Structures are given as C-alpha cells and as structure tokens.
Amino acid sequence: MKNRGFTIFNYIFFGVLAFVMVYPFWYAFLSSVVPYSDLMQRTLPIIPTKFDFSAYKEILVNGLLGDAYLTTIKSTFIGLALSLAFTVSGAYVLSIEKLPGAKIISSIIILTMFFSGGLIPMYILLSDLKLINNFWVYVIPSLINTVYMFIIRTSFTDIPLSLREAAEIDGASECRIMLTIYVRLSLPTIMVIGLFYAVDKWNELYTALYFIIDYKLYTLQAALYNLLNANSGTGVGGGAIKTVDEQVKYSAVILTILPIILVYPFLQKYFTKGVLLGSVKE
Amino acid sequence: MKKILALIISVITALTVSVGCANGEKKDSVMTITCLLNGDRLEGENLETDPTVEYIEKKFNVEFDFIFEPSPTINEVYIKLNMMMANGDVPDLMVLRADQTLPYTCMEDLVEAGYLVNMKEYVKGKESEFPEISELVNRNDLKTYYASDDNLYMLPREYVYDHAFIYRQDWLDELGLSMPTNETEFKNVLKAFVDNDPDGKGTTGLAMIYGFWFEHILAGFVGAHRFYEQDGELRSVWDADGERADQMMQGLQYCIDLYQEGLLYSDVFTAMQYRDELAMFETGRAGVVLTNMNVTDKFYNNLKKNFPDAEISYGVWSGPAGLARVQGGVGYYQGTAVNAKSGKTDRIMKILEYLMSEEGEELLTKGIEGVHYNITDGKFTPNLDAKGIEYYLTPTKHLLRGIVGGSDVFDEYLYVNEWAEKYEKFYNDYCLNSTAVYDMTDGYFSRLPKRIQAQVGNDPEINIQKWEGYFISGKADGRPITLNKDTFREAWNDLKTHKTDVLAREYGKLVLGK
C-alpha cells in the first residue's frame, strides 16, 4: 500500500515536473503557429484549432537566420571535431602514469579552471592572433574545455593498464593505442562530452557579441538575441524603428532549438551509458 | 572506424575551405570609416547597400563599415567599446551615451586616453567651414554632455518625445463622445469604453506600461518637477513637506482610482513595452494606449486586420497643473563622437557637417531625388518601389539621422499612411512646439554630472517610480499600503535613503550655481 502511494506520488510529482519543463517549449511552439489575433489574446489554447505558418515563411524567405544557421552549423561541426580531437589527445597524454611532470602539467591546467584573464586581455590576445571578426574565434579559443578533458582522463585511467602493456608488446604506436583501446572503450564518455561540446558550440552567444563585428558571422544565438531585442527602443534611431512581430520571434526560437532537440534522442543512449560508467565496481 | 575518421576529415576539410573562401578580405582604396552604432542590427540590415549611404560614400570617397551591437540594456555596446579601446581599436565614429554609469565611464576613459575630438576646439576659427557644428557646440544648454574636464567631446542629439494618448476614434464616435480635454473627461471616456466594450473583447480602458509613463499623467496634476530652496537647503517640490506635495498626492490618487476601478490595464506593472500594451490596443481590449506615436507603424495594420472599421486619433488632456504630458529635450541620452587618433577626423567632420546642413537634412528625411522621390510640377511624389525607401516611410526617417545633431523623430513625413496627417498635426502641436513640462528624469537627473549618478546608483528615477508604484498598486514590498500624508512622508523618507538629497544638492550646484 505504501509503495502504491509512493508510486502515485512519483507519477504526479514527475508529471508536474515534466509539464513545467515541457510547457515553455510548447507555448513557444504554439505562439509561433497560431494566427496573430489568437496570439494577442490574453490566453492561448493548449491545442490550437487554427494554424498560421507565415512567421516561419517570413524567416525563411527573408533569410533572417540564414547566415547565422550556416555559421553555427560550421562552428558546431568543426568545433566539435577539433575540440574532441584535442581534448581526447590531451586527456590521453595526461592519463599516462609514466608521463614526466604529469602532476605539474595537470596543476597548471587546473589553474585555468579557477582563474581567467578577463574580457579585455582576452580581446587583446584574440586581436593579436587575428581572430577578431574571424570565424575561427568560435573554434580555436575554446578548443579544449579543461573540465571535459579531466572527465575523459578519469575515464581513461579506469582502463586496466594491462591492455596498454599488451598493445605495447604487440608493437602498437601511441596513436593506435589511444584510438583502438582508450577511445573505443571510453566511447560513451566521449559521446557525452561530444554532446556537451556540441550544445556549447550551438549555444555560443557572447563570443559573437564581443569578438565579431560582421553580422554575417553571427551565430544563431546572437542573431536570435538581436531579433528578440529588436523592439527594445535602445537603438540608434531612438525608437522602435523596425519592429518584429512576436510570432517571428517565437518562430526563430523554435528554429534555433529544433536541431539540438532533434539530435538529443539519438545520443540519449550514450548519455545514459556515460553517466553510469564507473558508477559500479564489480 | 577508418571510414568514420575519413568522413569526419572530409567534412572538416570541406567546411574549412568554404570558411576560408568566405573570409577573403576586400581591397579598396577609399577611406574606410568604422562606425559604432548602438542598436540592433535589424535596424540597419540593409545599410551597407542602401542608396543613401552609397550616395554619401561616393560624395566623400569613403566606405562606411557599420558596427552594430544588439543589447537590450546597451551594456554590451560599451563592454565591446571598452575592449576595443584597450586594444587601440577604437571606431572612427561612434554614438556615445552620457546618461548611465558604464557609457559615461567609457566616454571619460576615451577622453583620458585622448581618443575623442574636442568639438569646440576643433571648430574654433573654422566657423565658416563648419557652421552647423559650430552653432550646435556653442549652445549653452549642453552641460550634461560635457566631460569632467569641462570640454565637449560629442555632438548631442536632440530628442523630441513623440508620446501621446492614442484613442480608438471609432469608439469615441460610436459612443457619441468627444476627445477628452481634462482629467474628468478622460476618466469618463475610459469608463464609457469599459462599460460599453464596443468590440466585445472585455476592454480595460487605458493600456500602458509601468515606470516612466505614469509621469505623463502625474504631470497634469503636479507640473514640472524641480528643486527649491528652503532653510538654505534644496528640496524637491514633490517632497512630502514640499510645496506641491498635495498635488502629487492628488495625481497619485487619480492613478490609484483608474487602477482600482478597472480603467487601467491590470498587468501594467509587468507589461512589456511595445508588446503587451500594443497587443491590448490592437485586439480591442483597450480603447486608449499611452505610448510612442512612432509605433503606430507596428500596431495600425494589425488593428485594421482585426477591426477593418477601426480609426485612431492622437490626443492629450490637461489636468489642474497643465498638460498631462512631459517633454524631453537636448540632454536626452546620446551624442556622436569622432576618433581623434584615426587620421580621418577632417573627413568625418566634413561628413557630419554635411549631414547637419539643409542639404544633408533633406537627404536624410526625403532621400535622393530621382531615386526615392520625384518632383513634378512642384509636386513631391515618393517612389515607393525604390531601394531603401523603407527608412523614409518610418516616422524616424533614415537611420543615419541618429548620428547627427538633428531631432531624430518625424518632422517631414511621406504621406503614405492614412494616419500620417493626424500624426503630423499632433507632432507639430504638442511635440515640436510643446508647452509641456520637462520630465524630472531627463530634464534634471540625467543632466547631473555622471560622477554623481555613479554615487547614487545608476537609475535614481527608478526609485521614484517604485515609490509611485507602491501607492498605485496598493502594495509596498508585499505589505498593503494606502495613500495618506503619513505613508506619503514615510515613502519619501525612504527615498532619501536612496540619496535623492544628494541629487538635490548636486543639482543646485550645477543648475542654480548654489
């Protein structure tokens, strides 16, 4: 009886929790597809009876997010691939016990997790590297996330040393050992980190706002930020010169989050495995 | 595994090549002028290829490189400018603000580093070459724009408030009502709208947002805010013991009544500007909206879509103390500064002088003859198919008007909208030639030296609005509150803890020389 009560409580509690989390997305979707007159009413129906996709059409026909989509897709793919390559390589090297000065190197890297140079030194550095207003500013400065690197390193150190020794006896190179043993056995962790990287890159905002000048190089989030603030009235004209309909804003929000939402379920299985990895010692 | 690796490498290579191609630099022999404009990019999305911009570029053999920084609070603009300054990468032309701590500090830093052209010094002895700029910088009402070294480093933008009560004229006609002229009639109109609900949508009467906008209504009861001397000390006229405290209480009581009687939008305290109040109006749930007239562009078409017979009109009423309308003026918030170290100063100053001249003003308000409009037999005909005409069809006109000293709001409008005639009349009668009072926030507080604003907090006026909100909503920090002399005094004393008295003292020094 106790268990039944607890189960019912769980259903209700998690049902409400799920509703609270899903409803904002549903509301945004609803707002993007209902006719304007319905959107402007005090309340929206949970299930729309009439649909109007003109806002999506406006975004797609006018190319409001076109360049931003391209930039974000490029930065996500290139950034993800290079970040994973560098992060895994770094983690592998640090996981080697016999590496001379491993602790010192780790400490130096850990230090960067607690202290940063700040925005202005960062700007000056990126300027010296000719990365201001350059696409590669989305990729190079964020090549390695130290937290992610240490997570992968921890995963690598859990792999029995005997596997490595056997490969060495068989004459395998370091690169081969890394790819065929360490990467393969830690694939769930790497996939999860990959997902984190992809989400980070997809959600890139401030790099675009602070280090990019050309609007064509804006990321999706920065373009969305621009769109959402279009009516703020802080502009050079001193008023709301160009206003953007609410439907267009909601549609842009949906178009921005849609790809990452679509990708998520396919990586879910790795995510579960990655989280569970190392949690049970048998 | 090998196949996957090969695929990844191929994708990266392909994307890298395409990125490399996209980043190819443009070679040009003309002078490039980088121009930092605060505002969202949508405002200027077609600016690079705009015929007016191209005309100016050709005339002065320059190429503008516009930098926009989207920012709801404008902070990002000045964070970026700070970084650019630290890197020695300051734009050649920039719109600066002097009304908030971060932008002001940024301006002071630019001055200290010698980045800004001293406007008065620059035009000294060149009055014939720069007549417009000379006239502007030598005006004596620009104190807020001066840096702490008492020099003027930017060309102030004059700003005219285009705020109005916008009515559903068809409702007035249907109910046999005329445009209200005083506070009693205004309340009666709202009541008639609510009781009769002409569109059957459950109207609320007046839609507006909280904050500054209540100053319009209060101005009808209190008039201009000012400080006065009592026992050797400057006090606000709105002080609980001040000379207009009773009128202030009367004005607050009027707002309280509107709110409690359901004549005022119930979500006024949480409404978002240009969204919620306009949504109320265009869907027939409010008969009056208090907002900028220049957003008529936004709501009018939707209003007509929802109610084809709908008509609008602009109005203002008078209270016991005068017009229910406050007016901004020079000193509002922005100015244009020129980089003194760019080596392009002379050319940029010539461009600014041109844009401020009669010819430049015509260009930025009407466009290019033969492109944006034609004159046949003395008749002005806009070319609605012209590229870039969209800027001229807005009340604010061409975006570049924002960088020169002229008023940045409507003064000559292309008559393509059916409401434009009413708009122009109201604009001329009440905005350009206004007898309305200057509001306290722009007329006084923003004119104080910014080092003082930095002392008392970024937005002293917000404290005053909070105080008004206590009474109108009937809640002070969650506790119920009613308006009477004691609570009024208590709330004002609470404000003093926000250093309003410091503002009074500094205002006295600045404006009254005390």
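Values in this text are rule-based calculations from the coordinates and carry no lab data. Bear in mind that the values here come from a model prediction, so they are computed numbers and not experimental data. Methodologically, a virtual Cβ is constructed for each residue, glycine included, from the backbone with ideal geometry; neighbour enumeration extends over all protein chains shown.
The trypsin sites (Lys or Arg not before Pro) of segment A:47-113 meeting both criteria, a DSSP state outside H, G, I, E and B (loop) and at most 13 other C-beta atoms within 10 angstrom of the site's C-beta, are A:K50, A:K98.
Over 25 Å between C-alpha atoms is what I'm after, so list which of B:K298/B:K350; B:K120/B:K397; A:K130/B:K80; A:K50/B:K305 land there.
On the way: B:K298/B:K350 36 Å; B:K120/B:K397 28 Å; A:K130/B:K80 17 Å; A:K50/B:K305 17 Å.
Violating the 25 Å Cα-Cα cut-off are B:K298/B:K350; B:K120/B:K397.
Round to a whole angstrom and tell me the spacing of the C-alpha centers of segment B:292-355 and segment A:30-92. The two parts, judged by their Cα centres, are 33 Å apart.
Build a GNM of chain A with springs between Cα atoms under 10 Å apart, and of A:I110, A:I47, A:I213 the one that fluctuates most is A:I47.
Amide H to amide H distances under 5 Å link B:Q334 with B:R157, where only residues 5 or more positions off or on other chains count and H is placed in the peptide plane. The charge dipole of segment A:170-234, taken about its Cα centre with unit charges on the Cβ atoms of Lys, Arg (+1), Asp and Glu (-1) only, comes to about 100 debye. Less than 5 angstrom separates the built amide H of B:Y373 from those of B:I368, B:N383, all sequence-distant by 5 or more or on a different chain.
What's the center-to-center distance, using Cα atoms, between segment B:177-241 and segment A:150-187 in Å? So the two Cα centres are separated by 75 Å.
Compare the Cα positions of A:S32, A:L217, A:N10 along the charge dipole of chain A (+1 at Cβ of Lys, Arg; -1 at Cβ of Asp, Glu; about the Cα centre) and return the one farthest towards the positive end. The residue sitting farthest along the positive end of the dipole is A:N10. Judged by the ratio a/c of the largest to the smallest principal axis of the C-alpha gyration tensor, segment A:1-105 counts as oblate, that ratio being 1.5 or greater while a/b is no larger than b/c.
Checking the a/c ratio against 1.5 first, then a/b against b/c, what shape does the Cα gyration tensor give for chain A? Oblate, since a/c reaches 1.5 and b/c is not below a/b.
Once the C-beta distance of A:I169 and B:E54 is scaled by a Förster radius of 60 Å, the resulting FRET efficiency is 0.25 to the nearest 0.05. Each Lys and Arg Cβ is given +1 and each Asp and Glu Cβ -1; about its Cα centre, segment A:65-276 then shows a dipole of about 100 debye.
Annotation: amide H-H contacts under 5 Å for B:T32 (H modelled 1.01 Å from N, sequence separation of 5 or more, or interchain): B:E63. Taking A:D200, A:D245, A:D170 as the candidate residues, the one with maximal mean-square fluctuation in a Gaussian network model of chain A, Cα springs under 10 Å, is A:D170.
GNM remark for chain A: springs join alpha carbons under 10 Å apart, and the peak mean-square fluctuation among A:I177, A:I132, A:I104 falls on A:I104. For segment B:102-258, the residue among B:P198, B:Q250, B:H216 whose Cα projects farthest onto the positive side of the dipole built from Cβ charges is B:P198.
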